[in-house]
Structures are given as structure tokens and as C-alpha cells.
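*Asks:* The structure's right below; bear with me while I get my questions together.
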Amino acid sequence: MAEQYDVIVLGSGPGGYVAAIRCAQLGLKTAIVERENLGGICLNWGCIPTKALLRSAEVLHNMKHAAAYGLAADNIRADLDAVVKRSRGVAKQLNQGVTHLMKKNKIAVHMGTGTLNGAGKLEVQGEKGSETLSAKHIIVATGARARDLPFAPADGNRVWTYRHAMTPKELPSKLLVIGSGAIGIEFASFYNDMGSEVTVVEMMDRIVPVEDADVSNFLEKALTKQGMTIMTGAGVEALEVGPKGVKARLKGKDGKVAEAEYSHVIVAIGIIPNTDNIGLEDVGIKAERGIIATDGLGRTNAPGIWAIGDVTPGPWLAHKASHEGVIAAEAIAQALGNKDVHPHAMDKRNIPGCTYCHPQIASVGLTEAKAKEAGYAVKVGNFPFIGNGKAIALGEPEGFVKTVFDARTGELLGAHMIGAEVTELIQGYVVGKTLETTEAELMATVFPHPTLSEMMHESVLSAYGRALHI
């Protein structure tokens, strides 16, 4: 007899485990299936341990610049093994936290590889053999993995994905980072601060190409000033991997090809959804390039099968997956007769993006260019960190806050930041956009002094010619 549940969640990343918790909160008998570590890639090999590494690099950077704060710190050095050990300890703590949450919410955990096996059934192959689980509803939350270069697959020795880059056996002396999205730029920033000589290659005409152009331009100047080599409009023609390094043929924006040698290469060119070999075809789900189409509540075309997170259309972000998990759980509860929940589709325009390089980047909504492409007449505000007292006191005067408004209605269309702690500031604008705030409410809001958040207010004022401190 198959073990029967109301809901089975396949995958325990930030989408899956949150979905399972919300299902349990709503009184549904819930199971979760995980093949490796509870918490998925994000908690164990992604968002969290990466931020631990970046925090170590940030502290090292500050120590090296202690004199700027009137402090003396001599013989500063980094212990790479200790830095990695701390990062792995943080990941372990979070993994244990998810384990506790599963027990607290009485969610059955099945460790093994899950495969859809017809309507309402999931086969789990684990250490103890095979078992069959059955449920009225199944949520696919299997996440994604790093995309390889076809001509130079990652070997964990000289060619790395993000996973290898988190547990290095040695510090790269000369590092090539292919791709300048969030993952590539964060590792470039980490290894640069740790002392590696870093080159970033991006095929688009600017780094962090999904961000506002002003942010991209500012970041490129900042990273170049820190000693990185940035190549945009460039590509990798070939990699020749040897026992002591990698020879790379790089094609610049001028079309010329040059050869260079690196000790290590990080490939950060995107992700591939983990939807192969999980039985999608057995339940009639078609995936386009591995991506499962859903409606706004997470339903697939197959009755009783839902999908959330990185197996669905982007943006591929942990917090988007978690929110989708809550929406799907509530929609399932509603389908099972719960009249007290009222799930709503997520507005993707209100999903923030954060990149934890140095300086940090955070944004939400439309860039200035995208707003204009969409036909808006815009009012744009921009306020620099150098005009903020708290930023100067922190010794962090580099950066800016940019806001984009609909000139006709005053609707906040987008906000874009670069500088210290902007990943903590962006939520103010996210709340504002979610509540459909206009410039009038933002102008009338009292911001505390002295704080970095005052720049958010000043940027709004700037869009309407009313900035006070510049």
C-alpha cells in the first residue's frame, strides 16, 4: 500500500520546504522528498554559505583599510580553510534549522530521489530501497543546477561551478570568471577581496545586464578601481585545461582573439532546471527547455501537479520560490475545501533582486530604459551616497539611489541602488510598490536621521526637483 498524504513536495529548497510548512499549517497531511540536504541548494550550497564567504571578505577588506577609521591593524591575512569552514558551519546550522521545522510542523521527510509515477503517485528511491507515496496533490520544487560550458565542463579542479567555488582547495592566483550575473559577480568580488587576480568576461555589452544601465556602469568602474579586469561584449572561444592551469582564448568586443593563462575558471553562465528524469512525461507535463509552465497559482497542465521555484519561469530567486510555495499551498488548501484562504497570483514586478558584491546592488521594478520601452513618460530621481551623512560616517560614500516614476500618475515604477547595505534598504521600496504607493506618499513619509534610508527619500524628492542635500 502506498503511503497516503494530502500533499507531497518534491524538493526541499526555499520553495519546497516553505510550501510544506504552509501546507502543514493549513492542516494538510504533508510529506517532503529530498535527495541530498534539507534546505536544498540555497541553504547548503547557494545563497546562505555564499553570503558567509562574502562577509568574511568584507571583514578582511575593512581590516585592510583600518587606517581610514583611525585604527591600526598589522599583518592582516586570510585563512582560506577557516573562511570555508565558517561558511560550511553556517550552512549546517541552517540545514539543522530546516530539519527542526519539519519535525515541529509534523511533516514526513523521505530522503531519496523522487519520480512522478502517474496521477497522484511518487516513487522514492532511497538508501532503504524503493517506496511509493500517494497524494491528492504533488508540488514539484526540484530547483536547478549550474550550466556547463559545452567545450569545458566543470571538473572541480581547474574549472569550477559555484559549488566548487564555495569549497576551494586553494586560493586562485589568477581567476577567470565567465558570466557577470549575480553568481559570477559575487564570486569575483569574494576572490578579489581575498587576494586573487580576477578577470570577468561578459558577452553582453555591460556587466550585471539585468540591472539599470547606470548601476552597471557604476559597478564596472568600482570593480576596475578595485583591481579587476572587466571584459564586456566578449566571449570565450576555447579553454585548454591543464594540470596547473587553464589557457583561455578570449574574443574581445573589437573582435580580436587573445590568449591568457589562469590558475582557475569559474563558469557562471546560468542554470538548468532539474526536471529531467523526474517523470514529467508520465503525468503529461511538457517542459520547454526544462521549464514547466504554470498558472499564477502554480498549477501545471496536469491535474493535481503543481510547480514552483527554479523549475518555472524566472526570475530564479529564492524569495520568489518561497512566495510561490505559499501561494501553491494555499491554492491546494482552497481546492481541498478550505474557505478561509484566498491565494493571489504574485506580481513579478514587485520581486526585488539583490547582488552581494562590493558594492552591493539591489533593485525592484522597471529600469529607466524598460519603463521608456513600455511607453511611460518618466520622472527619474538620483541621489548619491556622498550626500548622506551616515554613509560618510561609515566610510562608505560610494554609490547612489535611483527611482523611476510614471510622470503622469506618480506611480513608483522602479528603484535601483548600488552601495553599502542597499540589499537591506530595497525592501522599503518593495513595500511601497506592493501597496501601489505614489510619489506623494513617499515624499510625506518621515525617514529617520542619521540613516542610509534618507537617501531613498532624497531620491524621490530628486525626481520632482525637490532634493534637499545636493
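*Asks:* Of the heavy-atom accessible surface of region 138-253 (probe 1.4 angstrom), what whole percent is carbon and sulfur?
*Replies:* 52 percent
*Asks:* So what are the ³J(HN,Hα) numbers for region 367-379, from phi and the Karplus equation (6.51, -1.76, 1.60; θ = phi - 60°), rounded to whole Hz, Gly and Pro as x?
*Replies:* 6, 4, 5, 5, 5, 5, 4, 7, x, 7, 8, 10, 10
*Asks:* So what's the back-of-envelope 222 nm ellipticity for the chain, counting only DSSP H runs of four-plus at -39500 (n - 2.57) apiece and dividing by all residues, rounded to 500?
*Replies:* Details: 13 runs with 149 residues, N = 470.
One gets -9500 deg cm²/dmol as the mean residue ellipticity at 222 nm.
*Asks:* Counting only heavy atoms of the protein chains, get the accessible area per residue of the chain (1.4 Å probe) and round it to a whole Å² value.
*Replies:* Counting only protein heavy atoms, the per-residue value for the chain is 47 Å².
*Asks:* What is the calculated FRET efficiency for ILE76 to GLU170, with r their C-beta to C-beta distance and R₀ = 22 Å, to the nearest 0.05?
*Replies:* 0.65
*Asks:* Something else about it: Rounded to the nearest 20 Debye, what is the dipole magnitude of the chain about its Cα centre when Lys and Arg each give +1 and Asp and Glu each give -1 at the C-beta? It would help to have the intermediate numbers written out before the result.
*Replies:* Details: 47 positive and 51 negative charges, 119 e Å.
Taking the Cα centre of the chain as origin, the dipole is about 580 debye.
*Asks:* Hey, could you pull the Cα Rg and Dmax for region 37-96, both in Å?
*Replies:* Calculated on Cα positions, Rg and Dmax stand at 14.2, 45 Å.
*Asks:* On a full-extension model of 0.36 nm per residue, what is the gain between ALA238 and MET63, subtracting their alpha-carbon distance, rounded to one decimal in nm?
*Replies:* That works out to 59.1 nm of additional length.
*Asks:* Among all the aspartates and glutamates, which ones have a C-alpha under 13 Å from LYS136's C-alpha, if same-chain residues fewer than 8 places away are not counted?
*Replies:* Within the straight-line cut-off, LYS136 pairs with GLU3, ASP6.
*Asks:* For the chain, what is the convex hull (Cα atoms) projected area averaged across all directions, in square nanometres?
*Replies:* 25.2 nm²
*Asks:* How about LYS433: which lysines have a C-alpha closer than 22 Å to its C-alpha, ignoring those fewer than 8 places off in the same chain?
*Replies:* LYS320, LYS348, LYS370, LYS372, LYS379, LYS402
*Asks:* Please list 3J(HN,Hα) in residue order for region 389-406, calculated via the Karplus relation 6.51 cos²θ - 1.76 cosθ + 1.60 where θ = phi - 60°; whole Hz, with x for glycine and proline.
*Replies:* x, 5, 4, 5, 5, 6, x, 10, x, 9, x, 7, 10, 10, 10, 10, 10, 6
*Asks:* Here is a follow-up. Return the long-range amide H neighbours of ILE230 (sequence gap of 5 or more, or a different chain), with a cut-off of under 5 Å between placed amide H atoms.
*Replies:* It is VAL200, by chain and number.
*Asks:* Taking amide H positions as placed 1.01 Å from N in the peptide plane, with prolines and chain starts having none, which residues 5 or more places from ILE266, or on another chain, fall under 5 Å of its amide H?
*Replies:* Result for ILE266 returns TRP160, LEU176, VAL177, ILE178.
*Asks:* While we're looking at this one, here's another question. Can you tell me the equivalent ellipsoid semi-axes for region 4-83? Use √(5λ) from the Cα gyration tensor, largest first, whole Å.
*Replies:* On the way: eigenvalues 384, 34, 8 Å².
Semi-axes (√(5λ), whole Å): 44, 13, 7.
*Asks:* Roughly how many percent of the accessible protein surface of region 418-470 is carbon and sulfur, given a 1.4 Å probe and a whole-percent answer?
*Replies:* Using a 1.4 Å probe with all protein chains present, region 418-470 comes out at 58 percent carbon and sulfur.
*Asks:* Compute the FRET efficiency between THR451 and LYS286 as 1/(1 + (r/R0)^6), taking r as their Cβ-Cβ distance and R0 = 35 Å, and round to the nearest 0.05.
*Replies:* The computed FRET efficiency comes out at 0.10.
*Asks:* Sticking with this structure for a sec: Tell me the carbon and sulfur percent of the accessible area for region 1-123, rounded to whole percent, probe radius 1.4 Å.
*Replies:* Heavy-atom surface of region 1-123 belonging to carbon and sulfur, 1.4 Å probe: 53 percent.
*Asks:* Next up: When you have a sec, figure out the Kirkwood radius of region 72-154 from all distinct Cα pair distances and drop it here in Å to one decimal?
*Replies:* 17.3 Å
*Asks:* Got a sec to turn the phi values of region 437-445 into Karplus ³J(HN,Hα) couplings, 6.51 cos²θ - 1.76 cosθ + 1.60 with θ = phi - 60°, whole Hz, x for Gly and Pro?
*Replies:* So the Karplus estimates, Gly and Pro as x, are 5, 9, 4, 5, 5, 5, 5, 7, 7 Hz.
*Asks:* OK, next. When only Cα pairs under 8 Å and 6 or more residues apart are kept, what is the percent relative contact order across the chain?
*Replies:* Computed value for the chain: 14 percent relative contact order.
*Asks:* When the Kirkwood hydrodynamic radius is evaluated over all pairs of different C-alpha atoms of region 283-400, what value in angstrom, to one decimal, is obtained?
*Replies:* About 17.6 Å for region 283-400.
The values are calculated or read from the model by the stated rules, or taken from the named source; none is laboratory data. Not measured: the values here are computed from a predicted model. Reconstructed Cβ throughout: ideal geometry from the backbone, glycine too, with neighbour counts over all protein chains shown. Each accessible area value is taken on the protein alone, full model and side chains, heavy atoms only, with ligands, DNA and RNA left out. Shrake-Rupley method; radii C 1.70, N 1.55, O 1.52, S 1.80 Å.
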